[in-house]
Structure formats: C-alpha cells, structure tokens
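Here's the structure we're looking at; comments come further down.
The values are calculated or read from the model by the stated rules, or taken from the named source; none is laboratory data. The structure presented is a predicted model; accordingly, all values stated were derived computationally and were not measured. Cβ coordinates were reconstructed from backbone atoms using ideal geometry, including for glycine residues, and neighbour counts include every protein chain displayed. Each accessible area value is taken on the protein alone, full model and side chains, heavy atoms only, with ligands, DNA and RNA left out. Shrake-Rupley method; radii C 1.70, N 1.55, O 1.52, S 1.80 Å.
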Amino acid sequence: MTVPTVRLTMAQAVVRYLCNQFTEIDGAHVPLFAGVFGIFGHGNVTCLSEALEQVQDILPTWRGQNEQSMALAAVGFAKAKRRRQIMIATSSIGPGALNMVTAAGTAHANRLPILLIAGDSFANRIPDPVMQQVEHFGNPTITVNDAFKAVSRYWDRITLPQQILSSLPQALAAMLDPADCGPAFLALCQDTQEMAFDYPEAFFALRLWTIPRPRADHRSLATAAALLRTAKTPLIISGGGTRYSGAEQALADFALRHGIPVVETIAGKGALTHDHPVHAGPMGIVGSTSANALAAEADVILAIGTRLMDFTTGSWTAFSHSAKFISINAARFDAMKHHSLAVVGDARETIDELGDLLGTWTAPATHLPHAKALFADWNALLDQHQAPTNAPVPTYAQVVHMVNQWAGEKDTLIAAAGGIPGEVMKGWRVKAPNTFDLEFGFSCMGYEIAAGWGCAMAQEGPGGLGGTPIVMLGDGTYMMMNSDIYSTVLSGHKMIVIVCDNGGYAVISRLQQFKGVPGFNNLLKDCRITDKANPLHVDFAAHAAAMGAESRHCSSLADFQAALEWAKGTDRTTVISIATDAHAWVPGDADWDVGVPEVSNRESVRQARASQIAIRSKQRLGV
C-alpha cells in the first residue's frame, strides 16, 4: 500500500506539525502552542522564518528584543497557564542561541515547558567554519547548542529531515509529562532546514494531547494513611505541583476535613487565598513565623508537589529530627528526598485517594486553631511593618502592602530576584488562587518584566484570569533586563511595573554584611565610582517613557497611591518608580546554609563562621 505523503522542507514540516497539535483547557480545545517568540538571524531566517510567515495567523510570531528575555516571556506564559499551553522561542546560531540558555535553566529548575529551537552549523560541514560557529578541534560535532544539554529535559540535533518524525513527538511528550516537565531543545542544522522530504501525511494529523494523571501505588497510599493517622501535629507543605495539577480545591477540602494546617512553598504560594481557614502562611527562609513554628512542631509532614529546596526547609534546619515525611509527587526523584515515604502520583488524584483511605480521621481538635492563632500573630507582625509612617523613604513592606491592597482580585503579582521576593512572599496577601508568580527556583534576575509580557498574553483565552500582571522589581534587576517594556507597548499587552529604587543590590549587600564582610560592590555607594557621596541614580520613569510606556516617579507613599490609581486607567504598560529603604526588612526566623570562610583575618567573619557552624549542627543530614 502506498502511504500518502507531502513534500516539505524540514523547517516547513516542523512548523506544520506544531500547528496541528492541540490540548484541552477548562473543557476547550486550544492550540498546544500559542505562539512563537523569535529573533531571526542567518541560522533561522531563510528557512524557518519562511515557514512561520505562512502560518502567522494560526501560529503568531512575536519579535523579541533579546533572546534571553523573549524565552523568559515564554516561561512566564507557561507558568500563568499552569503548564497546559506552551510557547516556542527561536533564535539563530551562536550568541543568539546561547542567550537562551539562562531561560532554559529557569524553565528547567521550575519544571516548566518551553520549546526552544535554535539554528545550528551545517550538517555537511562543507562551509565550515560558518559565521558564529565555535570550533572544537578534537570534536567537530560540538557546537554552542551542546550547552543546552545541562538545562533541557529533551535535547536533539536534527541533521536529517526525517529525524523529526520521531524527535518532535518525544519533545512534546517530555514537556507535557508532569514528572519530567521542562524545556525541550531542538538544534536545526542550517542545511537540513532547507532539505525536502516526502513526509507521511498522517504525521500532520490533528492531535489532541492530554496531560496524564498517574495514580499512586495502592500500598504506598495505605502506608501513608497509616503513618498520617499516628500524627498529633501534622502539617501540609504545598508546592508548585499542587497548582500545576489543578489540585487547589482538593487540597483545601482535604486539609479542612482532616484538620491539618497548610503552609506554602515559594512556588506553591497562591494555591490558597491568604484568609483560607486552613492556610497558615508561607514556609521557610522568606516565610512566616507561623509556618516555621508549625514546621518545628510537626511530627508528620505531608509534602505535596514540592522539591523541598533550601529556602523552604531552612537548609533542612526547620524540622524536628524525629519528624516523618510523606511526599506526594509526580516525579520519583522529588518524592524520594530525605527518606520520605514516597507516594508517586498526580497531586489531585492522590490527595483524593489518600482522603478516602483516611476516612473520618482528623488531627487533634486543638491543632488547627493553634495554627490559626500563630498565623494571626504573624498577620499582626506584618501589619506593624506595613503600616505607613512619616519616614522620608518608605520600606519595601509599605510599598508591597499598598500595591497588594490596590491590586484587583484577578491581577497577578510577578517577582523573581533581589529584595522583592522575601517581601512579597511574606507580605503579599493572595486574594484569588493562582495570582502569584514568584520565580525562585532559579531566582533569575531579568525574569520579571519578560514574564510580565508572557503573563499578559496568558490572560487571554481559556485558562486566563483576565487580570493585569503587576511586576515588582528593584533597580538592579531593572537595569539587567527591561527591553520587554518596549515589547509590550508594541504588542499591546499591558502590564504595570513597580520599580523600587534602593540604590543597588541591597539584599545581597545585607547578606554580605550579615556574614561579616563590609559593604562592597553591591550598593552604588559601595562601588568603585566617581562620586560615592551622591551616586548617579537612573531616571526610570524617563527611561520607560523612552520605550513608549506611561510612567511616573513618586516621591512619597501618597504620590505612590495616586500613581497606582492613575495606572488603572492607562491604555498601555505603565511604569512607576519609587525610592525605597535599602536597610529595612520584614524579619525572618529561619536559617540558611551559605559558605562562610573557614579562616579570615576579620573578627566579624570569624563570628559569622561560628554562627554558620551552629546552623549546620541543626541540619537533618538526608534523613
């Protein structure tokens, strides 16, 4: 029998295949790939752009300003869509491709899908070395695209046009696998992109992808239920996997039925609203006194959808050494950590099945009220730090609180690096589920504004909340990557950007000095500059205006409040800047293990070293 075929170039076939993949969000069938972020160069403009141009009404292409930031926009999109829809990012070879490595690392650390497509050198090697090719004398198969191997869940170099028949389905399966989710990378050799091949028509048939929900092993579930029934002070730590599974309601019902307080990781914050009856605050180094106290008291900890990073566990000092862990996770690697009782499965389904096994069991009647009393104390502490004062320069806490009060229920807060993460993790009171995006798996400076662009796109269509992204960042992060302010003005995707100017890298200066090192090369005043007494500060409002945004600089909290109200009515991205105190922070009470010199001629460093050794003495060593 003759198999019907269609003759296409490899690049045309890639694009046609991607256009015919669909997924389901909230009952609606939508394209799996919502669009492409692209910067064209000689490695992808002649063939891949030729294919993309023909389908721009089906698979829209958005021009980026920087390869890293456009790929970060794709990561922000995937997070806002809770991994149910994906963006593509494409670059040329060489520096353009390498610019996307940081974004790939961000997606990999956060277990988020993105399809990265970069041009590559010639498979036939005849014109070698081509422009932007890095040559390895002992191995001519290596190109800069090999750098993506460390930050990809799926990696392939396409050297023959027929290879996409097996590679593309595998790339998509990896991105949609809840246990293996992350970036997929395809290197397309320039000469292979142009090659024509008779592809089976069946390869391009419409396909509806569904995200699997693997069920847990029944014996593991039964053992977990038996262990949980022994608990007197149980605690649930809810991570990002709860949100990606769509398990928010299942978690809330389970916790309320069994009287177990819920604390949240950084990625997990926003599964529950701040005032939910079982919510007891954020956990860990940038967490709440209430959550950390409950962690220290807990005898059985049910960790759901979390990889238990150091900022959650206080570098494993936050828990009793006798506490037992049950870990529900789609990924076996995460579920096994610290000798947890591993329950490998989808969060939503596993929570429901565990609840069925527990039946009418509940934690002691006093436990949840105790947790809520601790949480009330935490809220009172927040109120103290967030209350306005007559100080000439406001604190982060005051600015965060004002933005939080002003924000609409469906608006999404976005942050990632610097001093903002700790302040929003502690002080942002979530009003509606899935309206909080703090990228701290990689804590990538530059994520914020780019992710705001992706999040703004994700507000549209099924799965979108219809709100406005609110990006909060410091002056240091703004200076690293801000060009997607211009992108959003061009594309018509509004976001509101709050720039808190505290004169440099304030939070890392805080850590530096806390560990005994004098302020050095972080705050502007501590850098090698011509005028340390009066360091030049950027006019962020003027800079944003030059990129087409609406903007204002505020000199007080009263000005800031008025600017926020004004920003609601603008028709484009709006940037508001305000000076903030570089030395005032909401306090934390969890430990963090960082490297401190074992020997030093500074007494302050020697004291810090002694404190660090004391911290390490409290760590659970893998069990």
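Any residue that is under 26 Å from residue 75 (Cα atoms), in contact with a helix residue (DSSP H, G or I) (Cβ under 8 Å, 6 or more places away or on another chain) and either free of Cβ contacts under 8 Å to residues at least 40 places away in the same chain or open to solvent by less than 60 Å² (accessible area, probe 1.4 Å) (or both) - is there at least one of those in segment 521-536?
Checking segment 521-536: not a single residue is under 26 Å from residue 75 (Cα atoms), in contact with a helix residue (DSSP H, G or I) (Cβ under 8 Å, 6 or more places away or on another chain) and either free of Cβ contacts under 8 Å to residues at least 40 places away in the same chain or open to solvent by less than 60 Å² (accessible area, probe 1.4 Å) (or both).
Working only within segment 454-499, note down all residues that are in a helix (DSSP H, G or I) and more than 17 Å from residue 62 (Cα to Cα).
475, 476, 477, 478, 479, 480 - these are the residues of segment 454-499 that are in a helix (DSSP H, G or I) and more than 17 Å from residue 62 (Cα to Cα).
Quick check, is residue 366 touching a Gly at 6+ places or on another chain (Cβ under 7 Å), open to solvent by 50 Å² or more (accessible area, probe 1.4 Å) and among the hydroxyl-bearing types (Ser, Thr, Tyr)?
Answer is no for this residue.
From the residues in segment 593-615 that are touching a helix residue (DSSP H, G or I) at 6+ places or on another chain (Cβ under 7 Å) and open to solvent by 60 Å² or more (accessible area, probe 1.4 Å), which one is nearest to residue 388 (Cα to Cα)?
597
Let's see how each residue does on (1) closer than 23 Å to residue 447 by Cα; (2) of a type in the set (A, V, I, L, M, F, W, C); (3) touching a residue at least 40 places away in the same chain (Cβ under 8 Å):
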| position | (1), (2), (3) |
| --- | --- |
| 40 | yes, yes, yes |
| 47 | no, yes, yes |
| 58 | no, yes, no |
| 62 | yes, yes, yes |
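Can you give me the number of residues within segment 205-238 that are under 26 Å from the mean Cα position of the chain (by Cα), surrounded by fewer than 17 Cβ atoms within 10 Å (Cβ to Cβ) and under 22 Å from residue 371 (Cα atoms)?
Counting residues in segment 205-238 that are under 26 Å from the mean Cα position of the chain (by Cα), surrounded by fewer than 17 Cβ atoms within 10 Å (Cβ to Cβ) and under 22 Å from residue 371 (Cα atoms) gives 0.
How do the pairs read when you match residues in segment 591-614 that are modelled with pLDDT of 95 or more with residues anywhere that are among the aliphatic types (A, V, I, L, M) and loosely packed, with under 15 Cβ neighbours inside 10 Å, using Cβ under 8 Å and keeping only pairs 6 or more apart or on different chains?
As it stands, the answer is 594/511; 612/594, since those pairs meet every condition given.
Taking only segment 7-20 into account, find how many residues are under 25 Å from the mean Cα position of the chain (by Cα) and surrounded by fewer than 19 Cβ atoms within 10 Å (Cβ to Cβ).
Looking only at that region, the number is 0.
When you go through 157, 111, 153 one by one, which is the residue that is in contact with a Pro (Cβ under 7 Å, 6 or more places away or on another chain) and basic (Lys, Arg)?
153
So for segment 38-49 (the condition being within 22 Å of the chain's Cα centre (by Cα), closer than 19 Å to residue 114 by Cβ and part of a strand (DSSP E or B)), does at least one residue qualify? Spell out the reasoning first.
Kept after step one, since they are within 22 Å of the chain's Cα centre (by Cα), are these residues of segment 38-49: 38.
Remaining after also requiring closer than 19 Å to residue 114 by Cβ: 38.
Still in the list and also part of a strand (DSSP E or B): 38.
Yes, because at least one residue in segment 38-49 is within 22 Å of the chain's Cα centre (by Cα), closer than 19 Å to residue 114 by Cβ and part of a strand (DSSP E or B).
What residue, among those in segment 78-117 that are among the polar types (S, T, N, Q) and open to solvent by 30 Å² or more (accessible area, probe 1.4 Å), is farthest from residue 437 (Cα to Cα)?
99
For segment 418-438, does any single residue satisfy the condition of being touching a Pro at 6+ places or on another chain (Cβ under 9 Å), within 22 Å of residue 572 (Cα to Cα) and either of a type outside the set (D, E, K, R) or buried (at least 24 other Cβ atoms within 10 Å of the Cβ) (or both)?
Scanning segment 418-438 turns up at least one residue that is touching a Pro at 6+ places or on another chain (Cβ under 9 Å), within 22 Å of residue 572 (Cα to Cα) and either of a type outside the set (D, E, K, R) or buried (at least 24 other Cβ atoms within 10 Å of the Cβ) (or both).
List the residue pairs whose Cβ atoms are under 9 Å apart, where the first residue sits in segment 352-368 and is on the phi < 0 side of the Ramachandran plot, the second is among the aliphatic types (A, V, I, L, M) and open to solvent by 70 Å² or more (accessible area, probe 1.4 Å), and the two are 6 or more positions apart or on different chains.
Here the result reads 368/256, each pair linking segment 352-368 to a residue that is among the aliphatic types (A, V, I, L, M) and open to solvent by 70 Å² or more (accessible area, probe 1.4 Å).
In segment 522-536, what residues are within 10 Å of residue 504 (Cβ to Cβ) and either part of a loop (DSSP other than H, G, I, E, B) or among the aliphatic types (A, V, I, L, M) (or both)?
522, 523, 524, 527, 535
Quick one: count up the residues across segment 332-361 that are small (Gly, Ala, Ser), out of contact with any Lys or Arg (no Cβ under 6 Å at 6 or more places or on another chain) and buried (at least 19 other Cβ atoms within 10 Å of the Cβ).
4
Just a yes or no: is a residue in segment 374-389 over 27 Å from residue 293 (Cα atoms) and crowded, with 17+ Cβ neighbours inside 10 Å?
Of the residues in segment 374-389, the ones over 27 Å from residue 293 (Cα atoms) are 388-389.
If we keep only those that are crowded, with 17+ Cβ neighbours inside 10 Å too, we end up with none.
Within segment 374-389, none of the residues are over 27 Å from residue 293 (Cα atoms) and crowded, with 17+ Cβ neighbours inside 10 Å.
May I ask you to list the residues in segment 259-291 that are surrounded by fewer than 24 Cβ atoms within 10 Å (Cβ to Cβ) and in a helix (DSSP H, G or I)?
289
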